Structure formats: C-alpha cells, structure tokens
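Participant: If you scroll down you'll find the structure; I have some questions about it.
The values are calculated or read from the model by the stated rules, or taken from the named source; none is laboratory data. If you're wondering where the values come from, they're calculated on a predicted model, not measured in any experiment. Counting neighbours? That spans all protein chains shown, and the Cβs are built from the backbone with ideal geometry, glycine included. Side chains are part of the model used for accessible areas, which takes the heavy atoms of the whole protein and leaves out ligands, DNA and RNA. Shrake-Rupley method; radii C 1.70, N 1.55, O 1.52, S 1.80 Å.
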Amino acid sequence: ASIRPDPAAAQRRGLSLVPVMQARGAGLVLRTRDDDEFVIRIVTVDYYLAKPAPGLDVTESPLTGVKVDRVPVVRIFGETPGGQKACLHLHRAFPYFYVPYDDDLPRDPVECGTFLKNLCQSLERAMELALSGGDV
C-alpha cells in the first residue's frame, strides 16, 4: 500500500505540500498561505494509528457513516536546512490500494452503491481482525 497526502485537506488548513528531491536525498516543503516555508530533509518515515482528533482527522467513514476509532498518522523524521532535528506528524494521509471493478460487477447506481458498501465493510472487518491478531 502507498501513503498519499490529502492536498485538499492541507490547503483548507493553509498549507501546501510540495515533495522535493535534493542532491542529498528526498525532502518535503510545507508552504503556508502567507508563502512561509518549512523545509525538511527526510531521513525516515513511519506511521502509527491514533484516536482521531476532531477538526483535524476524519471521525466517521464517508462511505458508511460509521465512527472511525483509529486513523493513520505519518511521522516524517528529518533535518531542517539549519541542522535542527524535526519530527512532522502528518494527518489525513491514508493508505490506499487499487481494486479493479470488472465488467461483470453491478452497473446500476443503487446496486453499485450496495456492492461498494458491502466491499468496504468486508475490508474493514478483515483489517480489524488482522490488527487484533485474529484470523481473517
């Protein structure tokens, strides 16, 4: 799975995310609406699951309306151009994967919506079981 930042959410908060490549490695530039910049050379990236912060994180599934118990938060460890160590906690960056929608699947909007909600619920249940150590 890949991690994809949500540029629209960042923009609503007055930030724009600009990934950059530098001679010494990968970096990230955060720009505010006032065009101020925070630059970090990325050393390592990981993530953790946290209780959603209202107003910052998604608190319910847009597809099912179910309350979200945990959300991914990406941590970017690095160094500023001035040599300061930094740890950036990036919210609203969700893992994703591609699921092909074949021709033999429903085309009617109502049937399609039902199918997608069932798929989503099945995936959620499988992930919950996997995270809890249960069998899928």
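Participant: From the list 47, 98, pick out the single residue that is closer than 30 Å to residue 27 by Cα, open to solvent by 100 Å² or more (accessible area, probe 1.4 Å), assigned to a strand (DSSP E or B) and not polar (S, T, N, Q).
Facilitator: Every option except 47 fails the conditions.
Participant: Also: Is there a residue in the stretch 65-84 that is modelled with pLDDT under 85, under 20 Å from the mean Cα position of the chain (by Cα) and under 20 Å from residue 49 (Cβ atoms)?
Facilitator: Yes, because at least one residue in the stretch 65-84 is modelled with pLDDT under 85, under 20 Å from the mean Cα position of the chain (by Cα) and under 20 Å from residue 49 (Cβ atoms).
Participant: Can residue 65 be described as within 21 Å of residue 29 (Cα to Cα), open to solvent by less than 70 Å² (accessible area, probe 1.4 Å), in the same structural domain as residue 30 (by the TED database) and of a type in the set (Gly, Ala, Ser)? Write out each step before concluding.
Facilitator: Numbers: within 21 Å of residue 29 (Cα to Cα): no; open to solvent by less than 70 Å² (accessible area, probe 1.4 Å): yes; in the same structural domain as residue 30 (by the TED database): yes; of a type in the set (Gly, Ala, Ser): yes.
Criteria not met by residue 65.
Participant: Something else: If we scan the stretch 90-102, do we find a residue that is modelled with pLDDT under 85, among the charged types (D, E, K, R) and either in contact with a Ser or Thr (Cβ under 7 Å, 6 or more places away or on another chain) or at negative phi (or both)?
Facilitator: yes
Participant: Also, quick follow-up: Please verify whether the stretch 101-109 includes one or more residues that are exposed (fewer than 14 other Cβ atoms within 10 Å of the Cβ) and part of a helix (DSSP H, G or I). Can you show your working first?
Facilitator: First pass over the stretch 101-109, keeping only residues exposed (fewer than 14 other Cβ atoms within 10 Å of the Cβ): 101-109.
Narrowing further to those that are part of a helix (DSSP H, G or I): 109.
Within the stretch 101-109, one or more residues are exposed (fewer than 14 other Cβ atoms within 10 Å of the Cβ) and part of a helix (DSSP H, G or I).
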